[in-house]
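Report on the following structure.
The values are calculated or read from the model by the stated rules, or taken from the named source; none is laboratory data. Small disclaimer: the values here were computed from a predicted structure and weren't measured. Reconstructed Cβ throughout: ideal geometry from the backbone, glycine too, with neighbour counts over all protein chains shown. To get the accessible areas, we keep the full protein, side chains included, count just its heavy atoms, and leave off ligands, DNA and RNA. Shrake-Rupley method; radii C 1.70, N 1.55, O 1.52, S 1.80 Å.
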Amino acid sequence: MSLSAELERALHYPLADQLPPRGGAIELAPGVKWVRMQLPFALDHINLWLLRDRIDGREGWTVVDTCIDHAQSRADWEQVFAQELEGLPVLRVLVTHMHPDHVGLAHWLCERWSTPAHECRLWMSGTDYQAARYACQVVNSFGGERLADYFRSHGMVNEGDLTQIRDRKSYYRSLVPALPPSYARLMDGANVTIGGLAWRCVAGYGHAPEHIALYCEQLGVLISGDMVLPRISTNVSVYEMEPEADALTLFLDSIDRYLPLPEGTLVLPSHGKPFRGLHTRIGQLHDHHRDRLDEVMDAARARPVCAYDILPVLFKRPLDLHQTTFALGEAVAHLHRLWHGGRLRRARDGEGVWRFSAA
Ligand SMILES: [Zn+2]
């Protein structure tokens, strides 16, 4: 969902419209570099970070997030290695969460930079590591019969759409073909020492199973991953593996965990540009979801609604099938916050579709 340009103007972008060149980087703080890679999706880029590091007396870099595994991103990385590492190796790969654009190339980076003397290790939350390993081993990752049944139970009736979802095999595996067979676990509240500086892990929920953001007090920098984005609102969805989840409440509670950080914190988001105005942005996200929830309540007061019915309420633009799958998960998340909060009740209609009405 894109928010208005007016909201964006309330944030401060210290680099204005400057973007890192392809295969290059921009230094944002001492030892903190910004890399940007293209994605072949509607969301057409991802930001990655290089942090100057030292492990076991070895000088080098920690990479934060990896891009999906395709030929172009591998080629871009090779250029970054040649231009931006000052002749030093990548020592470790830190991943904020399991989504393909973040973890896709972790296996390749770890293999590429491991030597007999030093293993280039993946660092990630335990939940997301396990979920990613599972997702890249099963055939029906984000597709298949169960997902089609789930979407049908939320009002998707077009047989053509359902067939495409049923037939979508190995979606995750096509972007994340493998995961390193071992990892180091990131945990909420723990500090990771990177280049002699402490970076605190802040767990967040509602977007991924256990997303880890990283905050360095000394630098005044927050690597927010996908939890706080400056331009678009984070995708918050409920899917078939956890069909009763209250993902939106988890998400809104999670972003409040950044409120104790200083307003002047430089936020490094995975999409969009580095910005200042963390508290402002958190306020905007709460307002945004409150407005959407009010609109959903209005619709449900008029007649019982299913998730599919409220897609036009939440998304004012036409959606293709791929976008519809995300949008439908997000519609369920909005309905579930109101349902768990006691404002809506739900019942299955004669077709087996969940209908929500004012409680
Ligand atoms: Zn994500």
*With the full set of protein chains in place, find how many percent of the accessible area of the chain is carbon and sulfur; take the probe as 1.4 Å.*
51
*Could you state the accessible area per residue of the stretch 224-318 in Å², with a 1.4 Å probe and every protein chain left in place?*
39
*Residue by residue, what Karplus-based ³J(HN,Hα) values in Hz, rounded to whole numbers, does the stretch 306-311 have, using 6.51, -1.76 and 1.60 with θ = phi - 60° and x for Gly and Pro?*
9, 4, 4, 4, 9, 3
*Over 34 Å, how big is the tail of the calculated P(r) for the chain, in percent of all Cα pairs?*
27
*asked:* Can you give me the long-range amide H partners of SER114? Hydrogens built in the peptide plane at 1.01 Å from N, cutoff under 5 Å, separation of 5 or more residues or another chain.
replied: CYS120
*Using only Cα atoms, locate the centre of the stretch 10-29 and the centre of the stretch 278-356, then give the distance between them in Å, rounded to an integer.*
35
*Please work out how much accessible surface ASP246 shows to a 1.4 Å probe, ignoring ligands, DNA and RNA, in Å² rounded to 10.*
30
*asked:* Rounding to the nearest 10 and keeping the result within 0 to 90°, find how far the Cα-based axis of helix 71-84 lies from the longest principal axis of the chain.
replied: 40
*Go ahead and run the numbers for FRET between ARG290 and THR115, Cβ-Cβ distance against an R0 of 56 Å, rounding to 0.05.*
0.60
_Please report the projected area of the stretch 136-202's Cα convex hull averaged over all directions, in nm²._
7.1
*Relative to the compact-globule scaling 2.2 N^0.38 Å, provide the ratio for the alpha-carbon radius of gyration of the stretch 248-359.*
1.24
*Dividing the Cα convex hull volume of the stretch 299-358 by residue count, how many Å³ per residue is that?*
79
*Mind jotting down a quarter of the surface of the convex hull over the alpha carbons of the stretch 1-147, in square nanometres, one decimal?*
11.3
*GNM, the chain, Cα, under 10 Å: largest mean-square fluctuation among HIS322, HIS154, HIS102?*
HIS322
*Fluctuation leader among MET98, MET241, MET227 - the chain, Gaussian network, Cα springs under 10 angstrom*: MET241
_Counting only Cα atoms, I'd like the Rg/Rh figure for the stretch 261-321, Kirkwood definition for Rh._
1.14
*asked:* If you count only protein heavy atoms and use a 1.4 Å probe, how large is the accessible surface of ASP149, to the nearest 10 Å²?
replied: 70
*Collect residues whose amide H, placed 1.01 Å from N in the peptide plane, falls under 5 Å from the amide H of GLU27; neighbours closer than 5 in sequence don't count.*
TRP34
_Explain nothing, just the number: relative contact order of the stretch 295-359, from Cα pairs under 8 Å at least 6 residues apart, as a whole percent._
41
_Positive-pole candidate from GLN18, LEU48, GLY283, dipole of the chain, charges at beta carbon_ = GLY283
*Largest-first principal axis extents, alpha carbons of the stretch 64-104, Å*: 30, 21, 10
*asked:* Using amide H atoms built in the peptide plane, which far-off residues or other-chain residues are under 5 Å from GLY144 H to H?
replied: ARG166, ASP167, ARG168
*Going toward the positive end of the dipole of the stretch 279-359, with +1 on Lys and Arg Cβ and -1 on Asp and Glu Cβ, which of LEU321, HIS336, CYS306 do you reach last?*
HIS336
*Kindly list the residues of the stretch 331-357 that lie in the label zone of ASP298, defined by a backbone N under 16 Å from the point 7 Å along the Cα-to-C-beta vector.*
none
*Degrees, to the nearest 10: 321-340 long Cα axis against longest axis of the chain*: 70
*Which value, in debye to the nearest 20, describes the size of the charge dipole of the chain about its Cα centre when Lys and Arg Cβ atoms bear +1, Asp and Glu Cβ atoms bear -1, and nothing else is charged?*
180
*List the GluC sites (Glu not before Pro) within the stretch 156-220 that fall in a DSSP loop (any state other than H, G, I, E or B) and whose Cβ has at most 12 other Cβ atoms within 10 Å.*
none
*Please identify, among LEU175, LEU335, LEU43, the residue showing maximal mean-square fluctuation in a Gaussian network model of the chain using a 10 angstrom Cα cutoff.*
LEU43
